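Chemist: Below is one structure. I have some questions about it.
The values are calculated or read from the model by the stated rules, or taken from the named source; none is laboratory data. Remember, it's a predicted structure, so these values are computed and weren't measured experimentally. Here the Cβ positions follow ideal geometry from the backbone for every residue, glycine too, while neighbour counts run over all protein chains shown. Accessible surface areas use protein heavy atoms only, side chains included; no ligands, DNA or RNA. Shrake-Rupley method; radii C 1.70, N 1.55, O 1.52, S 1.80 Å.
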Amino acid sequence: MPEGDTVFQTATLLRGALAGRVLTHTDFRVPRYATVDFAGRRVLAAESRGKHLLVRFEGNVTLHTHLRMDGAWRVREAGGRVGASPRDQVRVVLANDAYTAIGLRLPVVDLVRTAEESRVVGHLGPDLLGPDWDADEAVRRLAARPGRPVGEALLDQRNLAGVGNVYRAELCFLRGVSPFARVDAAGDLHAMVDLAKRALEANRERHGHITTGDPRPGHQHWVYGRLGRPCRRCGTLIRKVEAGEPPRVVFWCPRCQPGDHDARSTR
């Protein structure tokens, strides 16, 4: 599932192609919106909210999409091919006289009144890359369930919006905290959320979720995706386990991040 910085980049792409321009053609390949036609309406904005995307149109209407695991938005020059193959599963097309934005394999497509966007994003915590970022509120929400594993708490978008599985692993490593530690035993939560914000901000205009400072392939991460490879700091082999509900893969260094870990972990 894309991290918040990737969704931020997608919003930037859509904003550059759509915002301020009048739509010449739209196609919603979702049964309940099959008859919707926004041709002639101007796109007012395209924004990210955590891992959610919001495209606002004239007439108090917002398109809400979520990429989840497989969704994506692509932008083509006007007149370009919309879908290369049936596997693209085009769900939404928004076209103007310069560009065509194509929503592929989108698992979530909603149209809501702009004044009622809270119906789809109101549950989210402070957005790490948004204008409403509030570190104290994020810490308050994390601390509200002190017995919860800190790795799970970081993934919960109701606490802070934007952290995904990559950053969950990397943040815990950089803070020297086991992802399975209780929130109330995970150290300085203000330092954790500050690190999360700095990490996403550093990557919001580049690809790779780089946390080591080294953009070379295979060198971008401290622990994520490095099962069985030596820790870059201590040489201990990185481990992983599936944990949480739904199960997500967790990577960590057992020496740099000491604590009790699930017996199902893979060495």
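Chemist: Residue check: is E205 under 19 Å from the mean Cα position of the chain (by Cα) and either open to solvent by 50 Å² or more (accessible area, probe 1.4 Å) or more than 27 Å from L13 (Cα to Cα) (or both)?
Modeler: The answer is yes for E205.
Chemist: Would you pick out the residues in the stretch 157-171 that are closer than 18 Å to R140 by Cα, open to solvent by less than 10 Å² (accessible area, probe 1.4 Å) and either part of a loop (DSSP other than H, G, I, E, B) or in contact with a Pro (Cβ under 6 Å, 6 or more places away or on another chain) (or both)?
Modeler: Result: L160, G162, V163.
Chemist: A further question on this structure: Which pairs do you get when a residue that is part of a loop (DSSP other than H, G, I, E, B), found in the stretch 108-119, comes within reach of a residue that is at pLDDT 95 or above and among the basic types (K, R), reach meaning Cβ atoms under 9 angstrom, with the pair 6+ apart or on two chains?
Modeler: Partner pairs satisfying both residue conditions: E117/R49; E117/R56.
Chemist: Does any residue of the stretch 179-198 turn out to be in a helix (DSSP H, G or I) and within 22 Å of M69 (Cα to Cα)?
Modeler: Within the stretch 179-198, one or more residues are in a helix (DSSP H, G or I) and within 22 Å of M69 (Cα to Cα).
Chemist: For L128, indicate whether it is more than 28 Å from F38 (Cα to Cα) and either open to solvent by less than 20 Å² (accessible area, probe 1.4 Å) or at pLDDT 95 or above (or both). Break it down into steps so the answer makes sense when it comes.
Modeler: Values: more than 28 Å from F38 (Cα to Cα): yes; either open to solvent by less than 20 Å² (accessible area, probe 1.4 Å) or at pLDDT 95 or above (or both): yes.
The answer is yes for L128.
Chemist: Ok, one more. Name the pairs: first residue in the stretch 1-18 and over 21 Å from L44 (Cα atoms) and in contact (Cβ under 8 Å) with a residue 12 or more places away in the chain, second residue open to solvent by 10 Å² or more (accessible area, probe 1.4 Å) and in a helix (DSSP H, G or I), Cβ to Cβ under 6 Å, at least 6 apart or on different chains?
Modeler: E3/V166
Chemist: Of everything in the stretch 60-80 that's aliphatic (A, V, I, L, M) and open to solvent by less than 20 Å² (accessible area, probe 1.4 Å), which residue is nearest to R248 (Cα to Cα)? Even if it seems obvious, please write down each step before you answer.
Modeler: The first filter runs over the stretch 60-80 and keeps only residues aliphatic (A, V, I, L, M), leaving 61, 63, 67, 69, 72, 75, 78.
Next, from what is left, pick out any that are open to solvent by less than 20 Å² (accessible area, probe 1.4 Å): 63, 67, 72.
Working: L63: 29, L67: 17, A72: 21 Å.
The residue in question is L67.
Chemist: Then there is this: Restricting to the stretch 218-262, and then to whatever is without any contact (Cβ under 8 Å) to a residue 24 or more places away in the chain and either among the hydrophobic types (A, V, I, L, M, F, W, C) or not in a loop (DSSP other than H, G, I, E, B) (or both), can you tell me which residue is least open to solvent (accessible area, probe 1.4 Å)?
Modeler: Restricting to residues being without any contact (Cβ under 8 Å) to a residue 24 or more places away in the chain and either among the hydrophobic types (A, V, I, L, M, F, W, C) or not in a loop (DSSP other than H, G, I, E, B) (or both), the top hit is I238.
Chemist: Any residue in the stretch 197-211 that is among the hydroxyl-bearing types (S, T, Y) and in contact with a Cys (Cβ under 7 Å, 6 or more places away or on another chain)?
Modeler: Checked the stretch 197-211: no residue is among the hydroxyl-bearing types (S, T, Y) and in contact with a Cys (Cβ under 7 Å, 6 or more places away or on another chain).
Chemist: Let me ask another. Does A153 meet the test of being among the aliphatic types (A, V, I, L, M), out of contact with any helix residue (DSSP H, G or I) (no Cβ under 7 Å at 6 or more places or on another chain), in a helix (DSSP H, G or I) and modelled with pLDDT of 95 or more?
Modeler: In short, no.
Chemist: Quick check, is A186 more than 18 Å from the chain's Cα centre (by Cα), open to solvent by 20 Å² or more (accessible area, probe 1.4 Å) and farther than 19 Å from A11 by Cα? Can you show your working first?
Modeler: On the way: more than 18 Å from the chain's Cα centre (by Cα): yes; open to solvent by 20 Å² or more (accessible area, probe 1.4 Å): no; farther than 19 Å from A11 by Cα: yes.
Answer is no for this residue.
Chemist: Here's another thing I want to ask about it. Just one of the numbered conditions (1) over 21 Å from the mean Cα position of the chain (by Cα); (2) closer than 29 Å to I210 by Cβ; (3) not aromatic (F, W, Y) is not true of E116; which one?
Modeler: With respect to (1) over 21 Å from the mean Cα position of the chain (by Cα); (2) closer than 29 Å to I210 by Cβ; (3) not aromatic (F, W, Y), E116 is out only on (2).
Chemist: Still on this model: May I ask you to list the residues in the stretch 28-48 that are surrounded by fewer than 16 Cβ atoms within 10 Å (Cβ to Cβ) and not β-branched (V, I, T)?
Modeler: R29, P31, R32, A34, D37, A39, G40, R41
Quick grid of which residues meet (1) of a type in the set (V, I, T); (2) over 25 Å from H52 (Cβ atoms):
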site: N159; (1), (2): no, no
site: R168; (1), (2): no, no
site: V177; (1), (2): yes, yes
site: F180; (1), (2): no, yes
site: E201; (1), (2): no, no
site: C231; (1), (2): no, yes
site: L237; (1), (2): no, yes
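Chemist: Criterion first (out of contact with any helix residue (DSSP H, G or I) (no Cβ under 7 Å at 6 or more places or on another chain) and within 22 Å of L13 (Cα to Cα)) does R141 satisfy it?
Modeler: It is false that R141 is out of contact with any helix residue (DSSP H, G or I) (no Cβ under 7 Å at 6 or more places or on another chain) and within 22 Å of L13 (Cα to Cα).
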